[in-house]
Amino acid sequence: MFENIIAQAATDQLKADILANRLAPSMLFFGPAASGKGSAAMETARALSCTGSGAENNAPWKCDCAACGRHRLLLHSDLVMIGPRNFAAEIAASRAAFLRDPASMPGRSLFIRSLRKLLARFAPAIWEHESKSGRINPLSLLQSLEEEIDEFESLTVDTLAAKNITAIEKHVESLVKNAFKLEDECISETIPIAQIRKAAYWSRLSPAGKRKTLIIENADRMKDEARNSLLKLLEEPPETISIILTVQRREALLATIISRLRPYRFVARSADEEHEIIRRIFRDSASSSVEAYLDSFLPQSSEKLLPLAAFFVAAVARAAAISAKSRNAAYGSTAFGGDISPAIKAIGSYCAPIAEAAAFERLSDAKEVIAALLSRSGHFEGRSFPRFLAMTLDLVSSSLNQQTTEQSCAFIACSDAWRKYIGEAQAAYGVWNQKPELALESLFHNLRENMAG
């Protein structure tokens with residue numbers, strides 16, 4: 001077991017605990033993004049369900065028992081997975097790996113598994129049959145995607161080798177298009193309380209096999225009511241279920257939740273180890289971290305989003321300066337100059353050059369700024385809006401970290417305001433399904449007024 005997890009000592013401890021029958025009923029896998037937490041959670045579920053040679057043979061990845069076969073395809077009824085994940089990036093990277101060698105069975109398996117990680121979020125036990133916007137019929141799209149995957153999965157190596165590459169690409173593109181659409185419309189950025197409640201009910205039903213596993217990825221993305229519901233489950237977990245939560249930072253969870261979980265720490269790998277993972281899993285020689293590699297396949301990569309975030313921050317600072325100038329005749333006439341607050345100066349001077357290097361105009365009108373952002377981001381396709389918001393906050397933090405002692409109180413207040421209003425925008429988009437343009441409009445005006453005041 002855990003042969004598919006590279007360079008993580010946490011899996012050695014997990015394996016020892018499983019073989020010694022001392023695994024805790026509830027666990028926490030924490031560590032950096034793309035460090036193998038989710039894969040280790042799925043592998044733990046498979047090992048606990050294995051009905052083959054079992055502990056005597058360490059439940060190997062290639063075990064031929066029916067339970068392991070179902071788990072490798074993420075189709076076992078004793079596995080439920082909830083929580084947001086970077087599905088689009090992994091699906092796109094797996095597609096590229098498959099298309100490099102369409103006759104390769106490992107490449108096809110990798111692509112199918114990436115799709116099934118998304119479909120696992122739609123298990124009947126936990127999913128409510130509605131889309132976020134109401135623009136699509138999720139049941140129809142889900143059924144269509146499942147049928148396409150079944151058809152694709154039935155293709156033999158000989159069939160793939162004989163097929164025209166254009167036909168294969170057309171089939172793959174249809175799968176990816178529907179998967180992206182399903183994620184965009186039906187996967188929330190936060191974990192709804194309804195899913196936690198349904199998962200709690202499901203966990204108390206008898207398993208079909210040896211043991212059930214509930215995996216909650218990015219478990220810190222829960223509101224208070226969902227956390228309270230989860231806490232009740234963790235206080236008295238059924239004997240036949242293992243519960244695994246994954247987060248990047250352990251402290252992002254409530255102390256009362258952490259106290260009920262056995263922690264397993266996943267660490268950042270070395271550059272050589274990251275390259276080896278990309279080579280072995282994606283059959284690519286790219287020289288980057290796994291997280292950056294996956295990010296590069298997104299419609300809006302971090303490299304593309306950074307100047308957009310800088311443009312927005314600079315525009316807010318410029319608008320705040322103009323607003324402050326209109327209230328006080330003592331301000332200078334040059335943007336980011338005169339008697340403008342140090343926070344506005346710091347933010348503007350840090351972000352404006354980044355935006356201008358990407359050929360963004362100097363704008364301060366909210367409607368013009370938002371229109372430019374939507375145009376350059378493809379209306380934040382690929383669920384890139386939350387990442388854009390996180391980048392804006394990072395840029396503000398970076399620009400304000402250069403403060404002097406005399407300015408620190410004002411800079412802290414400014415940083416707190418950005419954190420508050422960006423948190424509201426994230427909630428508006430992720431919880432209330434508000435469109436990015438509406439969330440941006442409110443964010444722009446709130447920040448401009450706060451900074452100008």
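The values are calculated or read from the model by the stated rules, or taken from the named source; none is laboratory data. Keep in mind the model is a prediction, meaning the values are calculated, not measured. All Cβ positions, glycine included, derive from the backbone under ideal geometry; neighbour counts span all protein chains shown. Areas reflect the complete protein model, heavy atoms only, side chains present, ligands, DNA and RNA absent. Shrake-Rupley method; radii C 1.70, N 1.55, O 1.52, S 1.80 Å.
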**Q.** Distance between segment 133-211 and segment 263-295 - C-alpha centres, whole angstrom
**A.** 25 Å
**Q.** In sequence order, calculated HN-Hα J values of segment 62-69 (Karplus, 6.51, -1.76, 1.60; Hz; x Gly/Pro)
**A.** 8, 3, 9, 6, 4, 5, 5, x
Q) For segment 159-227, what class follows from the C-alpha gyration tensor (a ≥ b ≥ c being the square roots of its eigenvalues): rounded when a/c is under 1.5, otherwise prolate if a/b is larger than b/c, else oblate? A) oblate
**Q.** Estimated dipole of the chain in Debye, rounded to 20 [Cβ of Lys and Arg +1, of Asp and Glu -1, Cα centre]
**A.** 580 debye
Q: Pairs to check: Lys117/Lys198; Lys117/Lys232; Lys345/Lys435; Lys37/Lys62. Give those whose C-alpha atoms are more than 23 Å from each other in this structure.
A: Lys117/Lys232; Lys345/Lys435
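What net charge do the residues around Val80 carry, taking every other residue with its C-beta under 10 Å from that of Val80, with Lys and Arg at +1 and Asp and Glu at -1?
+2
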(Q) Please state the shape class of segment 21-100: rounded when a/c is under 1.5, otherwise prolate if a/b exceeds b/c and oblate if not, all from the C-alpha gyration tensor. (A) oblate
**Q.** Placed amide H near Asp284: partners under 5 Å, 5+ positions off or other chain
**A.** Arg279
Q) ³J(HN,Hα) across segment 201-217 via Karplus (A = 6.51, B = -1.76, C = 1.60, θ = phi - 60°), whole Hz, x for Gly/Pro? A) 5, 4, 5, 8, 7, 5, x, 6, x, 6, 7, 8, 9, 10, 10, 10, 7
Q) How large is ³J(HN,Hα) for each residue in segment 284-297, as worked out from phi by the Karplus curve 6.51 cos²θ - 1.76 cosθ + 1.60 (θ = phi - 60°), to whole Hz, x for Gly and Pro? A) 10, 9, 4, 9, 6, 6, 4, 4, 5, 4, 5, 4, 5, 8
Q) Taking H as built 1.01 Å from N, whose amide H comes closer than 5 Å to the amide H of Met27, not counting residues under 5 places away? A) Ile243, Ile244, Leu245, Arg262
Q) In a solvent-free Debye calculation with one equal scatterer on each Cα, what is log10 I(q)/I(0) for the chain at q = 0.08, 0.11, 0.12 Å⁻¹, listed in the order of the q values? A) -0.53, -0.95, -1.10
Q: Let me have the relative contact order for the chain, percent, based on Cα pairs under 8 Å that are six or more residues apart.
A: 19 percent
Q: Any chance you could give the angle, 0 to 90 degrees and rounded to 10, that helix 271-282 forms with the longest Cα principal axis of the chain?
A: 60 degrees
(Q) Between 0 and 90 degrees, rounded to the nearest ten: what's the tilt of helix 9-19 against the longest Cα principal axis of the chain? (A) 30 degrees
Q: Quick one: pull the percent of accessible area on segment 62-154 belonging to carbon and sulfur, 1.4 Å probe, ligands and nucleic acids left out.
A: 49 percent
